[in-house]
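Novice: I'd like to ask some things about the structure below.
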Amino acid sequence: RILKDSGPNQIHGAMVGCVRAEGRWPDKGALEFKRSCDRVRLNVPGKFDSLTMLAWLRIDGFDRQFNSLLLCDEFSDGHAHWQVKANGMIDLGVKPRGGKRVIYLSEPVLGQADLGRWLQLAVVYDVRKAMVSHYLDGRTVGSMPLIRCDHQLQLGPCEIGNWSPVDQPPSAPIRNFNGRMDEFAIFKEALGDEEILALYELGRPS
């Protein structure tokens, strides 16, 4: 089954498992992720100096230590991983070429009170400002300086809501997301605070 990209680049995804469900308002569709096989496969070409990822989602449980939003099949040469930790932290991991991985974490901003409600998460990797910023419902919940700015980011083959690493060892943790998503956007630039907030106000459920 194909999940069609409504943006200009037409990067369609392949649905594996997943069930169609109601989104954040009536008659808006969503995908429900429940089983350890549920995922959306896609291939995002190109390399990016800056990057913004944004998702509208409903978390139904913090089932895993790491709960996947978007994870690349590989984790090297500028690949980026975005996920939510069971302790409520939002996690962006980046693997610079020839260097050690760098993890940019928010404070614990999600908890049991957030389960079952629609929320917007976003992360901005901004080379011009040399900052990574996490957002919850249009507001900044963590900003930290870039450790290295001498490489570009890439995604390539990746998954929404799950993880299929290349050469997966038997001990690799399961990271499937438990909940629903009804919008996922990737921008090849760093959106500003006002733009993130405007997207939240435009899309928030009444």
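Novice: Test of understanding: among ILE160, ILE90, which residue is closer than 16 Å to LEU54 by Cβ, touching a Phe, Trp or Tyr at 6+ places or on another chain (Cβ under 7 Å) and open to solvent by less than 50 Å² (accessible area, probe 1.4 Å)?
Specialist: ILE160
Novice: On the basis of being of a type in the set (S, T, N, Q), open to solvent by 20 Å² or more (accessible area, probe 1.4 Å) and either over 12 Å from ASN176 (Cβ atoms) or assigned to a strand (DSSP E or B) (or both), does ASN43 make the cut?
Specialist: So ASN43 passes the test.
Novice: Within the range 123-135, can one find any residue that is open to solvent by 50 Å² or more (accessible area, probe 1.4 Å), among the charged types (D, E, K, R) and within 11 Å of LEU153 (Cα to Cα)?
Specialist: no
Novice: Moving on. Looking only at strands (runs of 3 or more DSSP E) that lie completely in the range 62-156, which have at least 3 residues being of a type in the set (A, V, I, L, M, F, W, C)?
Specialist: 66-72, 79-85, 90-95, 102-105, 118-126, 131-136
Novice: Can you give me the number of residues within the range 173-182 that are open to solvent by less than 20 Å² (accessible area, probe 1.4 Å) and modelled with pLDDT under 95?
Specialist: 1
Novice: Looking at GLY17, GLY78, which one is buried (at least 16 other Cβ atoms within 10 Å of the Cβ) and in contact with a Cys (Cβ under 8 Å, 6 or more places away or on another chain)?
Specialist: GLY17
Novice: Still on this model: Those residues that are open to solvent by less than 60 Å² (accessible area, probe 1.4 Å) and at pLDDT below 95, I need them from the range 136-154; list them, please. Lay out the reasoning, then the answer.
Specialist: Initially, the range 136-154 is screened for residues open to solvent by less than 60 Å² (accessible area, probe 1.4 Å), giving 136-138, 141-142, 144, 146, 151, 153-154.
Correct list: LEU146, HIS151, LEU153, GLN154.
The values are calculated or read from the model by the stated rules, or taken from the named source; none is laboratory data. Note that the structure is predicted; figures quoted are calculated from it, not measured. Glycine gets a Cβ as well: all are built from the backbone with ideal geometry, and neighbour counts include every protein chain shown. With ligands, DNA and RNA removed, areas are computed over all heavy atoms of the protein, side chains included. Shrake-Rupley method; radii C 1.70, N 1.55, O 1.52, S 1.80 Å.
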